[in-house]
Structure formats: structure tokens, C-alpha cells
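> The structure that follows is given in the form of C-alpha cells.
The values are calculated or read from the model by the stated rules, or taken from the named source; none is laboratory data. Just so it is clear, the model here is predicted, and its values are computed rather than measured. Every residue, glycine as well, gets a Cβ built from its backbone with ideal geometry; the counts of neighbours run over all protein chains shown.
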Amino acid sequence: MKRRDPPDSVLLTHWAAPEFMLPLFDSHCHLDDPAYRDDLEGVFERARTAGVDRMMTIGVTLETSRKSVGLANARPGVYASVGVHPHDTKECSDGVLGSLAELAKNPAVRAWGEIGLDFNRMYSPREEQEQWFVRQLETARELDLPLIFHERDSGGRFFELLRTCPPPAGAAVLHCFSGTRSELRGYLDMGYYIGITGILTLKERGEPLRKMAAEIPSDQILVETDAPYLTPEPERRRHRRNEPAFVRSVLLKLAEIRRADPRELARRVYDNTCRLYRITADAGDAHAKRPPA
Ligand SMILES: [Zn+2]
Ligand SMILES: [Zn+2]
């Protein structure tokens, strides 16, 4: 049967029907996670069926960065980042940083991160988080790689440190944004992208984010799963584990809030993601080399 677009008058919920394909790029997931040990092929298959033909798998330690690069090298449409998460900075060292920089020469590596500050759980001491955040900002600058930021409850300290070595406009994403309106303004003014997760779809936890989601310029938004965490509605009713296919629900919720045409919004967000990670947007470049500097 031939696919047809729904008439304009049809409610947005009709877009949720799986036959309306949207172009989707999961800008942040953790495919090396043990949660996928038994069915990674199924995860890729369901992603493809949902329209997710590209994904960025994230490093949080040297070991997971290596795994991410391995995954990206093995599969078209999968890209990798390398870096040390604030939680893991207690394990960081000059040697680790050197090995990551070496790893970053691999053409599948399109970003440095996730890095930043997380004073919520304090898995690493504050001084070490701060030290390695700044050191990694400097390394990414030397390597000319875009950045993926993680920030939680740092009370303004993130901005202070960022200003010591800020990446240029268009060269960073604040992933899994769940901050305040003034923080949002700060990131937008610096020209950074905002990564929206399934938190947007959650009844109570998503309320503050839903109030801000329409204020983000359409050329500064990305969508992500942060899988295996943060499963969105409606999938979380049936699945505890998140996966890239579910980024479609984040996009649909975002379109609903912004009163946007889902297909147009999806296209824009997809292009934004390609721009940040310096990947050509046409389908031919499923896994091409980084463009020459
Ligand atoms: Zn994070
Ligand atoms: Zn993450």
C-alpha cells in the first residue's frame, strides 16, 4: 500500500502512527551499556524501523570510549564520542587524557564528551570534577572537536569554568537539559545546542521543561534518548530500558508542545545534529570521514 500523508486537519496524535516516517538522529545514547548485551541487533533493527538512521554513542571513561569507537567503526550511521564523565573524573589522569586524544583520531569520533560537572550525586570530589572539566575543554579545543556537556546542580560553577575556555558558538550541546530558564538563556546566548530527552514526556518531572521547550530556537534543538536511561512516555509503560528507537516519542512530544509539523521539526533537528557533529546530512554519508579542517 502506498504511504500517504495525513490531511492537515488530522490531530497530531495521528503522527504517532508508525507509517509516518520521520528522519531521526539520536544525538546521545550509551550503546556500550551492558543493558544491550543480549540484543543489540534488535536495538538497531527497531531504531531503523522507527526512522532512527543515525546515533551518537557516548564515552564516559577510557574503557567506554574505546567501546563506543568499536561500535561506531562496526556500523554505518553510528558515531562515537570520547571523554570522561564528571562522575568518573576520580579515575582520570594525564595518561587517560592522552589515550583519549589518541583515540579521537579515529574518523568515527565526532565529539568530545560527555564532560562537565555533577554536584548532585558527587561520585567524584568537586575539585577533581572541576580540574578535569577544564583540562578536557582545553584538549577538545586543541583537537578541534565539538563538545557534549553534562551539568547538574553546579550552582553557576559550570558557567564560570566554561568561560575559561569556551567552545565557539555552534560547537557544543548541553545534553539532557533540565536546568533553569536563566541557565537555558545562558547556553542559547553562547550559541550552544540544547539536548532534549524523554524527561519532556514525563508527567511531573517534565513539567518545567515543557514550559521552556517552545522558547528554544528551532536551529538550536537536538533530541536524544540518553538510553538506556530516561525511557519516555508512552514506552515506559512497557519497557524499563530505553533505546534509540524511542527518540521518536521525544520528537513527537516536542512537536506537540511547539505546535510544529512533526516532519518539518524532525528534519530541522536532524540537520542541527549533523551540523554540530560535522556530518553531512545526505544519506550517502552514513559513515564518511570527518571533513578536512
Ligand atoms: Zn549525562
Ligand atoms: Zn549520557
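Yes/no per residue for (1) at pLDDT 95 or above; (2) within 16 Å of ligand 1 (Cβ to nearest atom); (3) within 30 Å of Gln129 (Cα to Cα); (4) in a helix (DSSP H, G or I):
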residue	(1), (2), (3), (4)
Phe25	yes, no, yes, no
Leu31	yes, yes, yes, no
Phe44	yes, no, no, yes
Arg54	yes, no, no, no
Val60	yes, yes, yes, no
Ser65	yes, yes, yes, yes
Leu97	yes, no, yes, yes
Arg110	yes, no, yes, no
Glu114	yes, yes, yes, no
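> Please work out if Ser124 is touching a Cys at 6+ places or on another chain (Cβ under 9 Å), farther than 26 Å from Arg185 by Cβ and touching a residue at least 12 places away in the same chain (Cβ under 8 Å). Full working, then the answer.
Working: touching a Cys at 6+ places or on another chain (Cβ under 9 Å): yes; farther than 26 Å from Arg185 by Cβ: yes; touching a residue at least 12 places away in the same chain (Cβ under 8 Å): yes.
Judged against the criteria, Ser124 is a match.
> Another question, then. Restricting to segment 108-149, and then to whatever is within 16 Å of ligand 2 (Cβ to nearest atom) and aromatic (Phe, Trp, Tyr), can you tell me which residue is surrounded by the fewest Cβ atoms within 10 Å (Cβ to Cβ)?
Tyr123
> Related question: Quick test of your reading of the structure: Phe158 fulfils all but one of (1) within 16 Å of the chain's Cα centre (by Cα); (2) surrounded by 24 or more Cβ atoms within 10 Å (Cβ to Cβ). Name the failing condition by number.
(1)
> More than 16 Å from ligand 2 (Cβ to nearest atom), closer than 25 Å to Ser68 by Cα, at pLDDT 95 or above and among the β-branched types (Val, Ile, Thr), is that true of Ile221? Spell out the reasoning first.
Numbers: more than 16 Å from ligand 2 (Cβ to nearest atom): yes; closer than 25 Å to Ser68 by Cα: yes; at pLDDT 95 or above: yes; among the β-branched types (Val, Ile, Thr): yes.
Taking the combined requirement at face value, the residue satisfies it.
> Pairs only if they're at least six apart or on different chains, beta carbon under 9 angstrom, first in segment 258-284 and of a type in the set (S, T, N, Q), second at pLDDT below 95 and exposed (fewer than 14 other Cβ atoms within 10 Å of the Cβ); list them, first residue then second.
Correct list of pairs: Thr280/Ala288; Thr280/Pro291.
> Now a separate question. Between residues in segment 107-121 that are without any contact (Cβ under 8 Å) to a residue 40 or more places away in the chain and residues that are away from ligand 1 (no atom under 11 Å from the Cβ) and in a strand (DSSP E or B), which pairs lie under 6 Å by C-beta distance while being six or more apart or on different chains?
Listed pairs, sorted by first residue: Trp112/Leu147.
> Right, something else. Do we find a residue being surrounded by fewer than 22 Cβ atoms within 10 Å (Cβ to Cβ), within 16 Å of ligand 1 (Cβ to nearest atom) and modelled with pLDDT of 95 or more anywhere in segment 237-247? Steps first, please.
Taking segment 237-247 as the starting set, the residues that turn out to be surrounded by fewer than 22 Cβ atoms within 10 Å (Cβ to Cβ) are 237-241.
Applying the additional criterion that residues be within 16 Å of ligand 1 (Cβ to nearest atom) yields none.
Scanning segment 237-247, I find no residue that is surrounded by fewer than 22 Cβ atoms within 10 Å (Cβ to Cβ), within 16 Å of ligand 1 (Cβ to nearest atom) and modelled with pLDDT of 95 or more, so the answer is no.
> Then there is this: Any idea which residue in segment 161-199 is nearest to Tyr277 (Cα to Cα), counting only those that are among the β-branched types (Val, Ile, Thr), part of a strand (DSSP E or B) and in contact (Cβ under 8 Å) with a residue 40 or more places away in the chain? Reasoning before the result, please.
Filtering segment 161-199 down to residues among the β-branched types (Val, Ile, Thr) leaves 164, 173, 180, 194, 196-197, 199.
Next, from what is left, pick out any that are part of a strand (DSSP E or B): 173, 194, 196.
Now narrow it down to the ones that are in contact (Cβ under 8 Å) with a residue 40 or more places away in the chain: 173, 196.
Numbers: Val173: 10, Ile196: 16 Å.
Filtering first and then ranking leaves Val173.
> Take the residues of segment 74-90 that are closer than 18 Å to Asp33 by Cβ and out of contact with any Asp or Glu (no Cβ under 8 Å at 6 or more places or on another chain): which is surrounded by the fewest Cβ atoms within 10 Å (Cβ to Cβ)?
Only one residue tops the list, namely Ala74.
> Exactly one condition in (1) touching a strand residue (DSSP E or B) at 6+ places or on another chain (Cβ under 7 Å); (2) closer than 21 Å to Asp271 by Cβ is false for Gly191; which is it?
(1)
> Taking only pairs six or more apart or across chains, which ones have beta-carbon atoms under 8 Å, a first residue in segment 135-157 that is within 8 Å of Gly113 (Cβ to Cβ), and a second residue that is among the charged types (D, E, K, R) and within 16 Å of ligand 1 (Cβ to nearest atom)?
Ile148/Glu114; Phe149/Glu114; His150/Glu114; His150/Asp118
> Do we have any residue at all in segment 169-182 that's out of contact with any helix residue (DSSP H, G or I) (no Cβ under 6 Å at 6 or more places or on another chain), on the phi > 0 side of the Ramachandran plot and within 13 Å of ligand 1 (Cβ to nearest atom)?
Yes, segment 169-182 contains at least one residue that is out of contact with any helix residue (DSSP H, G or I) (no Cβ under 6 Å at 6 or more places or on another chain), on the phi > 0 side of the Ramachandran plot and within 13 Å of ligand 1 (Cβ to nearest atom).
> What's the number of the only condition in (1) farther than 17 Å from Gly113 by Cα; (2) in contact (Cβ under 8 Å) with a residue 12 or more places away in the chain; (3) surrounded by 15 or more Cβ atoms within 10 Å (Cβ to Cβ) that Ala214 fails to meet?
Unmet for Ala214, out of (1) farther than 17 Å from Gly113 by Cα; (2) in contact (Cβ under 8 Å) with a residue 12 or more places away in the chain; (3) surrounded by 15 or more Cβ atoms within 10 Å (Cβ to Cβ): (3).
> Condition first: of a type in the set (A, V, I, L, M) and within 13 Å of ligand 1 (Cβ to nearest atom). Now tell me which residues in segment 137-168 satisfy that. I'd like the intermediate steps shown before the answer.
From segment 137-168, those of a type in the set (A, V, I, L, M) are 137, 140, 143, 145, 147-148, 161-162; that's our starting set.
Those that are of a type in the set (A, V, I, L, M) and within 13 Å of ligand 1 (Cβ to nearest atom): Leu147, Ile148.
> What are the residues in segment 200-223 that are of a type outside the set (Asp, Glu) and either under 19 Å from Gly156 (Cα atoms) or part of a helix (DSSP H, G or I) (or both), if any?
Answer for segment 200-223, where residues must be of a type outside the set (Asp, Glu) and either under 19 Å from Gly156 (Cα atoms) or part of a helix (DSSP H, G or I) (or both): Leu200, Thr201, Pro208, Leu209, Arg210, Lys211, Met212, Ala213, Ala214, Ser218, Gln220.
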